[in-house]
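First comes the structure, then the notes that go with it.
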Amino acid sequence: MRLTCPLCGPRDRREFYYYGADDYLHRPAPDAPPAAWDDYLHNRDNPAGMLRDLWYHEAGCGQWLAVSRNTVSHDITAVECVAPLRPARKKAVRNED
Amino acid sequence: MPELIAKTPLSGLWPVTHGALSLSEVVYDSILSLAPFAGQEKVLTKALKPLGLAFPAPNTLAVSGVARIVWTGRDQAFLINAPLATPSAAITDQSDGWAGLRLEGPMAAEALMRLVPIDLRSSAFPPGSAARAPLNHMNAVVMRLESGFEVMVFRSMARSAWTEIAETMQRVAARQALR
Ligand SMILES: [Zn+2]
């Protein structure tokens, strides 16, 4: 199995660490009801079909990747960097000395 | 104040030759990790200009005299053998953190590809290419220059990397000798 890292190109499975479904990208608000936190932390679907999950390019560029994968056909239809998908980070704090 | 003797990561090892392949240590004067702050890429580009370098695209490196800049990750590059002071990037000095190994010879790509699971033939990985990739189980930076390959591994793994590359060279050379 290979994943095409958007930065590094096609790479062997051994370079990646698997983390599970991409639910971890959708963190509830701090005051969200307990059921939302329960879903976020513990409850996962087990679909026969398309699944989006997280892989870490551990032996490559060190980026978290969101991989769209079909659990029936094993087709991988998209590999995206997680970082640029997140809302723009707050301006980096710098010490101007 | 005692006088300490600085040793290179592979000090005590002499260059190894098997067939047309040779392995030697590369000592870098300095390795600076550059990570541009958000929106500061243009300022960083300006700061690199006097060195004759620019921030590299993924999987590439550029050389200017003894100075070199190597892509090492998203928004990250290593500046080798050149000083830089700029408020546009997070700069960390990693000079003593890495070991450098140089592999030269006509079969160098074939030898290295036994350890690194990517296509290193010149059609796919010509001089000017750089990759973050594993060397067996060691995270490495693989670079191709006009003169051959250079591999950087964490200093703590210097001798493991050396041994594994040297053994692989021996096997490739032995196979060549049978032809
Ligand atoms: Zn990658």
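The values are calculated or read from the model by the stated rules, or taken from the named source; none is laboratory data. This one's a predicted model, so the numbers in the text were calculated from it and none came from an experiment. No Cβ is skipped: glycine too gets one built from the backbone with ideal geometry, and neighbour counts run over all protein chains shown. Surface areas here come from the heavy atoms of the whole protein model, side chains and all, with no ligands, DNA or RNA. Shrake-Rupley method; radii C 1.70, N 1.55, O 1.52, S 1.80 Å.
Let me know the shape class of the protein assembly as shown, please: from the alpha-carbon gyration tensor, a ≥ b ≥ c as square roots of the eigenvalues, rounded when a/c is under 1.5, otherwise prolate if a/b is greater than b/c, or oblate.
oblate
Using a 1.4 angstrom probe with every protein chain in place, what is the largest-first accessible-area order of B:135, B:178?
Correct descending sequence by accessible area is B:178, B:135.
In Å², and per residue, what accessible area does the stretch A:2-85 have when probed at 1.4 Å with the other protein chains present?
Heavy-atom SASA per residue in the stretch A:2-85 reads 59 Å².
Between A:32, A:66, A:83, find the one with the highest GNM mean-square fluctuation for chain A; connect C-alpha pairs within less than 10 Å.
A:32
What accessible area, in Å² to the nearest ten, does a 1.4 Å probe give for residue B:157?
Surface accessible to solvent at residue B:157 totals approximately 60 Å².
Can you pull the accessible area of residue B:30 for me, 1.4 Å probe, Å² to the nearest 10?
Surface accessible to solvent at residue B:30 totals approximately 30 Å².
On the full set of protein chains, 1.4 Å probe, figure out the accessible area of residue B:17 and give it in Å² to the nearest 10.
About 90 Å², ignoring ligands and nucleic acids.
I need the GluC sites (Glu not before Pro) found in the stretch B:1-59, filtered to DSSP loop residues with at most 12 other beta carbons within 10 Å of theirs.
B:3
Please say if chain A is rounded, prolate or oblate, where rounded means a/c under 1.5 for a ≥ b ≥ c the square roots of the C-alpha gyration tensor eigenvalues, and otherwise the choice is prolate for a/b larger than b/c and oblate otherwise?
The shape class here is oblate.
Can you list which of the GluC sites (Glu not before Pro) found in the stretch B:124-169 are DSSP loop residues with at most 10 other C-beta atoms within 10 Å?
Answer in residue order: B:146.
Where only protein heavy atoms count, and the probe is 1.4 Å, what is the accessible area per residue for the stretch B:31-93 in Å²?
Result: 45 Å² of accessible area for each residue.
So how much accessible surface do A and B hide from each other in total, probe 1.4 Å, in square angstrom to the nearest 100?
Rounded to the nearest hundred, the buried surface is 1400 Å².
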